[in-house]
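What follows draws every value from the coordinates through simple rules; no lab data is involved. Because the structure is predicted, anything quoted here is derived from the model rather than measured. Reconstructed Cβ throughout: ideal geometry from the backbone, glycine too, with neighbour counts over all protein chains shown.
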Amino acid sequence: MERQELRTRSRTVIGKQVRQMRAKEWVPAVVYGPDQAARSIEASERVLGQVLRSAGSTSLVDLFVDEEPAATAVLVREVQRNPLNGRLVHVDFYQVRLTEKVKTTPPIHFHGEPALVKAGQAVLLHSMTQVAVECLPTDLIQGIDVDVSGLVNVGDAIFVRDLQVPAGITVLDDPSEVVASLVPVRMTIKEEVEEEAAAEAPEAEAAEEKE
């Protein structure tokens, strides 16, 4: 995949003035890493949003600051959003060394549908939605595809050891951990009832205490 480019500018605004900067649709950010001290930067909210949607946290981004001719290869490390409107509040970028391995957690993309699920006789349980991997920055992947259509019988499962990853990627999670499995419909209903009961228990106890 082609690397995303993000052009930013140095930031001197701090404290309460940051609110005014966000009002002008600029997002405060910081870039740090093993070869440079932390730098305060700012990026266009619109452009930054586009880059984040494309790169996520598992793809390299070529970061330019001001008029610097050379880009810094970075990964998105932390994204803060306003919980009320979802707008970007702050982003952390981590500068990587292209010759040193990094750890990321690409998402798992499930494809297909088991015949029993289609017939309403079983439920596909997703036990994992992402997996921990280690690789060189240039070998980073945006996700891992898993075809679940091969699950035939209730109890069938796909394990971490079954995941197909490109050469150069090392999966760090326990090979015996279940990624997805077929379970009986009644088991799913039972789990939902137990979860509801567990959620209602504190409320019932609180009501009794008030009485």
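Answer rounded, prolate or oblate for the chain, using the Cα gyration tensor with square roots of eigenvalues a ≥ b ≥ c: rounded when a/c is under 1.5, else prolate when a/b is larger than b/c, else oblate.
Working: a/c = 2.77, a/b = 1.46, b/c = 1.89.
Because a/c hits 1.5 or more and a/b fails to exceed b/c, the chain counts as oblate.
Let's see if you can work this out: charge +1 on each Lys and Arg Cβ, -1 on each Asp and Glu Cβ, no other charges. What is the dipole magnitude of the chain about its Cα centre, in debye to the nearest 20? Walk me through the numbers before you get to the answer.
On the way: 22 positive and 34 negative charges, 263 e Å.
Dipole about the Cα centre, nearest 20: 1260 debye.
One quarter of the convex hull surface, Cα atoms only: what value does that give for region 58-174 in nm²? Display every interim value, and only then the final one.
Numbers: hull surface 42.0 nm².
If I average the Cα hull's projected area over directions, I get 10.5 nm².
With axes computed from alpha carbons, what is the tilt in degrees of helix 45-55 against the longest principal axis of the chain, rounded to the nearest 10 within 0 to 90?
50
Given the C-alpha centroids of region 77-146 and region 1-75, what is the distance between them in whole angstrom?
21
For region 120-129, take each phi angle, set θ = phi - 60°, evaluate the Karplus expression 6.51 cos²θ - 1.76 cosθ + 1.60, and give the result in whole Hz per residue in order, putting x for glycine and proline.
Per-residue couplings from phi come out as x, 9, 7, 10, 8, 9, 8, 8, 9, 10 Hz.
Rg/Rh for region 4-97 to two decimals, with Rh computed the Kirkwood way over all alpha-carbon pairs.
On the way: Rg = 12.5 Å, Rh = 13.3 Å.
Rg divided by Rh gives 0.94.
Say R0 is 25 Å: what FRET efficiency, to the nearest 0.05, do ASP92 and ALA157 get from their beta-carbon distance?
Working: r = 36 Å, r/R0 = 1.45.
The computed FRET efficiency comes out at 0.10.
For region 89-160, what does the relative contact order come out to in percent, with C-alpha contacts under 8 Å and a separation of six or more? Can you show the working numbers first?
On the way: 87 pairs, mean separation 30.7, N = 72.
Relative CO of region 89-160 lands at 43 percent.
Can you pull out the trypsin sites (Lys or Arg not before Pro) in region 20-92 whose DSSP state is coil and whose Cβ has at most 14 other Cβ atoms within 10 Å?
Numbers: sites: ARG22, LYS24, ARG39, ARG46, ARG53, ARG77, ARG81, ARG87; in loops: LYS24, ARG87.
The qualifying sites are LYS24, ARG87.
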